[in-house]
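Single-structure report; data block below.
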Amino acid sequence: MTKNVHEQLVNDFMAKIISKNPGETEFHQAVKEVAESLIPFIEENPKYKTSKILERIAEPERVILFRVPWMDDKGEIQINKGIRIEMNSAIGPYKGGLRFHATVNLGILKFLAFEQVFKNSLTTLPMGGGKGGSDFDPKGKSDNEVMRFCQSFMTELQRHIGPDTDVPAGDIGVGGREIGFMFGQYKRLRNEFTGVLTGKGLDWGGSLIRPEATGYGQVYFAAEMLKTRNLDFNGKIVTVSGSGNVAQYATQKATQLGGKVVTLSDSEGYIYDPKGIDAEKLTFIMHLKNVKRGRIKEYCDKYSEAKFVPGKRPWEVKCDIALPSATQNEIDGNDAQTLVKNGCYLVSEGANMPSTPEAMGVYLENKILYGPGKAANAGGVATSGLEMSQNSMRLSWSREEVDEKLHTIMINIHKNCVKYGKEPDGFVNYVKGANIGGFVKVAEAMLAQGLV
């Protein structure tokens with residue numbers, strides 16, 4: 001198939017998606033990125049074309065919208081929007097996080113749910129794709145306000161979820177505290193103790209390694225990519241964005257493997273520490289962010305060798321390896337050019353779709369090692385799947401067992417990407433590999449189950 005025919009088919013497909021989903025730019029971006037890889041593959045495999053599998057995957061099976069009323073500490077009534085996208089259940093119950101952030105809207109959650117279908121398929125675990133959340137922002141709210149909101153949110157959501165139907169987890173703005181409040185309300189309303197949420201506390205059904213999983217998996221995937229060029233993390237300069245859960249554990253694992261992490265960031269700017277963020281400094285950051293809920297610039301008050309750069313992201317810092325771990329579209333085309341110019345040869349995504357289409361074009365054009373989020377950050381949902389298994393069996397595996405299973409899953413995801421993404425010249429296009437690898441399993445299940 002010629003490039004022009006391929007582009008025309010993608011454009012025709014996207015015109016339909018855009019007309020059916022107006023204004024949802026992040027969703028359009030996610031679908032287009034997948035369609036560009038898949039449409040040539042689908043043309044070569046007509047069974048997927050005649051059954052319109054990609055069109056069906058791009059349409060959620062169910063979208064649940066609801067009102068979330070709650071009362072703040074001043075006694076004032078607040079109203080937020082609650083959303084759950086149940087995207088695809090061909091290979092298992094819907095599975096995907098809940099995001100509480102002011103920017104949450106239908107388009108963002110549909111993009112995340114669409115990506116989740118492919119990511120969950122790549123893990124090889126029996127999990128469908130879903131995503132949800134609210135435009136509620138936990139930042140600056142008291143514990144009691146967060147509890148009242150979570151209880152109101154779960155009062156409606158509990159009608160639509162269950163351990164064999166839809167198993168939400170955490171995401172931005174939803175950590176252990178929020179999962180605890182929602183789980184308590186679900187248990188109270190349903191009078192049952194089941195594995196309906198993942199990311200639970202260790203004493204009540206949680207899994208060891210779950211908090212670490214996304215960041216660890218992101219680094220394990222990067223290590224597999226490095227092996228294809230006979231390289232490893234030892235002595236490499238690493239830039240990390242974000243300073244939440246994913247960024248913290250990516251920093252920890254990259255450091256354990258011998259890398260030197262020199263940046264972290266939040267919405268106000270980034271810190272640059274030329275000496276590297278070692279285990280002791282990371283402990284300070286974890287306390288600052290997870291307990292004090294402070295700002296990353298406070299790091300520079302403690303460690304004078306570091307500097308804070310306000311209002312910017314860390315992609316101008318010279319590095320070998322970049323680990324974007326903050327949020328969507330945080331690396332644009334110019335940032336990507338800067339990374340490549342400064343000698344960066346590997347990008348492994350811990351966030352969901354942190355690179356714009358222009359940035360991805362720069363990576364592929366320069367043939368750097370690029371692990372897209374749906375492959376590189378699948379460790380989080382993989383360990384959520386392992387938590388579901390432990391809940392079903394009423395067992396708790398050791399830290400070493402879970403970490404070993406996570407590492408094996410990331411190695412297998414990498415193998416799958418290589419299988420479908422290796423070009424004739426030997427270059428591995430991980431975007432193409434992840435999209436086709438994730439698609440085939442879901443597509444075959446959808447064919448087997450008929451027109452549903």
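The values are calculated or read from the model by the stated rules, or taken from the named source; none is laboratory data. Remember, it's a predicted structure, so these values are computed and weren't measured experimentally. Virtual Cβ from ideal backbone geometry, glycine too; neighbours counted across all protein chains shown.
Please go through the stretch 354-372 and pick out each residue that is surrounded by 24 or more Cβ atoms within 10 Å (Cβ to Cβ) and closer than 19 Å to residue 413 by Cα.
370, 371, 372
Pick from 438, 380: which is crowded, with 17+ Cβ neighbours inside 10 Å and more than 27 Å from residue 248 (Cα to Cα)?
None of the others qualify; the one that does is 438.
Please determine whether any residue of the stretch 216-230 is small (Gly, Ala, Ser) and part of a loop (DSSP other than H, G, I, E, B).
No.
With (1) surrounded by 14 or more Cβ atoms within 10 Å (Cβ to Cβ); (2) touching a residue at least 40 places away in the same chain (Cβ under 8 Å); (3) within 17 Å of residue 442 (Cα to Cα) as the list, and residue 66 as the residue in question, which single condition is left unmet?
(3)
With the condition kept exactly as written, say whether any residue in the stretch 253-266 is part of a loop (DSSP other than H, G, I, E, B) and farther than 22 Å from residue 380 by Cβ.
Within the stretch 253-266 (the criterion being part of a loop (DSSP other than H, G, I, E, B) and farther than 22 Å from residue 380 by Cβ), the answer is yes, since at least one residue qualifies.
List the helices (runs of 4 or more DSSP H) that sit entirely inside the stretch 274-383 and contain at least 1 residues that are under 30 Å from residue 94 (Cα atoms).
Where helices (runs of 4 or more DSSP H) fall fully within the stretch 274-383 and carry at least 1 residues being under 30 Å from residue 94 (Cα atoms), they are 357-365, 373-376.
Would you mention how many residues in the stretch 49-104 are basic (Lys, Arg) and closer than 15 Å to residue 130 by Cβ?
4
Please determine, by comparing only the residues of the stretch 402-431 that are without any contact (Cβ under 8 Å) to a residue 24 or more places away in the chain and of a type in the set (D, E, K, R), which one is farthest from residue 169 (Cα to Cα).
Per the criteria, the residue is 425.
Residue under question is residue 206, and the condition is that it be part of a helix (DSSP H, G or I), of a type in the set (Gly, Ala, Ser), touching a residue at least 60 places away in the same chain (Cβ under 8 Å) and not assigned by TED's automatic domain parsing to the domain that holds residue 131; does it hold?
Considered against the rule, which asks whether it is part of a helix (DSSP H, G or I), of a type in the set (Gly, Ala, Ser), touching a residue at least 60 places away in the same chain (Cβ under 8 Å) and not assigned by TED's automatic domain parsing to the domain that holds residue 131, residue 206 comes out as no.
Would you mind finding the one in 220, 216 that is touching a residue at least 60 places away in the same chain (Cβ under 8 Å), over 14 Å from the mean Cα position of the chain (by Cα) and within 24 Å of residue 127 (Cα to Cα)?
220
Return yes or no: is residue 193 surrounded by 19 or more Cβ atoms within 10 Å (Cβ to Cβ) and more than 21 Å from the chain's Cα centre (by Cα)?
Criteria not met by residue 193.
Applying the selection to the stretch 142-165, what residues are touching a Pro at 6+ places or on another chain (Cβ under 6 Å) and of a type in the set (D, E, K, R)?
164, the sole residue that qualifies.
Restricting to the stretch 384-402, give me the number of residues that are assigned to a helix (DSSP H, G or I) and in contact with a helix residue (DSSP H, G or I) (Cβ under 7 Å, 6 or more places away or on another chain).
2
Sort out which residues of the stretch 17-27 are in a helix (DSSP H, G or I) and surrounded by 12 or more Cβ atoms within 10 Å (Cβ to Cβ), and write them in order of number.
17, 18, 25, 26, 27
Answer with yes or no whether residue 246 is surrounded by 24 or more Cβ atoms within 10 Å (Cβ to Cβ), closer than 25 Å to residue 98 by Cβ, touching a residue at least 40 places away in the same chain (Cβ under 8 Å) and among the hydrophobic types (A, V, I, L, M, F, W, C).
Considered against the rule, which asks whether it is surrounded by 24 or more Cβ atoms within 10 Å (Cβ to Cβ), closer than 25 Å to residue 98 by Cβ, touching a residue at least 40 places away in the same chain (Cβ under 8 Å) and among the hydrophobic types (A, V, I, L, M, F, W, C), residue 246 comes out as yes.
For the stretch 120-133, check the following and say yes or no: at least one residue is modelled with pLDDT of 95 or more, farther than 14 Å from residue 174 by Cα and of a type in the set (Lys, Arg).
So far as the stretch 120-133 goes, no, none of its residues is modelled with pLDDT of 95 or more, farther than 14 Å from residue 174 by Cα and of a type in the set (Lys, Arg).
Select, from 5, 117, 31, the only residue that is over 20 Å from the mean Cα position of the chain (by Cα) and at negative phi.
It is 5.
Within the set of pairs 6+ apart or on separate chains, which have a first residue in the stretch 437-452 that is more than 20 Å from residue 44 (Cβ to Cβ), a second that is assigned to a helix (DSSP H, G or I) and among the aliphatic types (A, V, I, L, M), and C-beta atoms under 9 Å apart?
Close Cβ pairs (under 9 Å, with a partner that is assigned to a helix (DSSP H, G or I) and among the aliphatic types (A, V, I, L, M)) amount to 452/446.
Within the stretch 282-301, is even one residue under 30 Å from residue 367 (Cβ atoms), of a type in the set (D, E, K, R) and surrounded by 22 or more Cβ atoms within 10 Å (Cβ to Cβ)?
No; the residues of the stretch 282-301 include none that is under 30 Å from residue 367 (Cβ atoms), of a type in the set (D, E, K, R) and surrounded by 22 or more Cβ atoms within 10 Å (Cβ to Cβ).
So, in the stretch 316-343, exactly how many residues are closer than 19 Å to residue 231 by Cα and in contact (Cβ under 8 Å) with a residue 40 or more places away in the chain?
The number of residues fulfilling the criteria is 6.
On the basis of being under 26 Å from residue 299 (Cα atoms) and either out of contact with any Ser or Thr (no Cβ under 9 Å at 6 or more places or on another chain) or modelled with pLDDT under 95 (or both), does residue 230 make the cut?
no
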